[in-house]
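Beneath this line is the structure, given in structure tokens, with notes to follow.
The values are calculated or read from the model by the stated rules, or taken from the named source; none is laboratory data. Small disclaimer: the values here were computed from a predicted structure and weren't measured. Here the Cβ positions follow ideal geometry from the backbone for every residue, glycine too, while neighbour counts run over all protein chains shown. These area figures cover heavy atoms from the full protein model, side chains too; ligands, DNA and RNA do not enter into them. Shrake-Rupley method; radii C 1.70, N 1.55, O 1.52, S 1.80 Å.
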Amino acid sequence: MTASSTDSRLLDVAVDHFGRLGLEGASTRAIARDAATLMSSITYHFGGKQGLYLAAADHITTRIQTWIRPTLDRAETLCDRNADNGSVRPAIHAIIGGMTALMLNDETAAISRFIVREQAEPTAAFARIYNGVMGPMLDRVGLLLIRVSNGHLTLDEARLRAMTIIGQVLVFRVARATAMTGMGWEGYGPAESTRISHTIAANLDALLDQISAGDAA
């Protein structure tokens, strides 16, 4: 493997270990072993465990940005008051739909665990993830909700609404065990994912209808 592919593999393994065990519980020796690399490479490239942890947060941010950046960039152009109003609702659906797909994808489970741990017990890594991913997402959705309300929502109100919208997506990862038990499911297969996506989209439409009708109380 090249140096870059080795680093990427190491960071993927680190995200998984830190997500499951936390900063204190994870072992750099075990991370290096599972990444099939030398422990010295962690010290050389990242300075130690703390540096590796922060690099793992940056790695997560970069990966999520790669997935959602095009959608957020398109949404940014619609935040201007002169933009086509008819494209605003589809843009919100695109952001939330993309986030739903990420949360339900088992391949992103390790990333989700890392982020959930940072939500519960924030470290220096939280700011990196928030500023790189969650903050821009809240900003875009909030500004688009103001557009939907024809300017009636304040930025504070819009951001609060945005958090409730995003929260209904996050619950299926944060409270996955509850979702599995409550619904009698064994996982998020195609049928389950479709039901969840349709329900979230319907909830989103109901809220957007309420906002566009001027009920911003």
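Summary of packing: across the peptides 178-184, 205-211, the per-residue average of other C-beta atoms within 10 Å ranks them, highest first, as 205-211, 178-184. Across the stretch 9-14, computed HN-Hα scalar couplings (Karplus, 6.51 cos²θ - 1.76 cosθ + 1.60, θ = phi - 60°) run 4, 4, 5, 4, 5, 4 Hz from first to last residue, x flagging Gly and Pro. Figure note: Tyr188, Tyr44 ranked by solvent-accessible area, largest first, 1.4 Å probe, ligands and nucleic acids not counted: Tyr44, Tyr188. From helices alone, the chain scores -25500 deg cm²/dmol at 222 nm; the rule is -39500 (n - 2.57) for each run of n ≥ 4 DSSP H residues, then divide by the residue total. Counting Lys and Arg as +1 and Asp and Glu as -1, what is the net charge of the other residues whose Cβ lies under 15 Å from the Cβ of Ala30? Surrounding charge for Ala30 is +1. Entry comment: accessible area of the chain is 51 Å² per residue, from protein heavy atoms only and a probe of 1.4 Å. Can you check what the net charge comes to around Ile111, using other residues whose Cβ is under 14 Å from the Cβ of Ile111 (Lys, Arg +1; Asp, Glu -1)? Every neighbour counted, the sum reads +1. Treating r as the C-beta distance of Ser41 and Asp73 and R0 as 35 Å, the FRET efficiency rounds to 0.50.
Which peptide among 115-125, 129-139 comes first, and what is the full order, when sorted by highest mean count of other Cβ atoms within 10 Å?
129-139, 115-125
Listed values for the stretch 157-162 are Karplus-derived 3J(HN,Hα) couplings in whole Hz (6.51 cos²θ - 1.76 cosθ + 1.60, θ = phi - 60°), namely 5, 5, 5, 5, 4, 4, and x replaces Gly and Pro. Taken about its Cα centre, the chain carries a charge dipole of about 320 debye when Lys and Arg each add +1 at the Cβ and Asp and Glu each add -1 at the Cβ.
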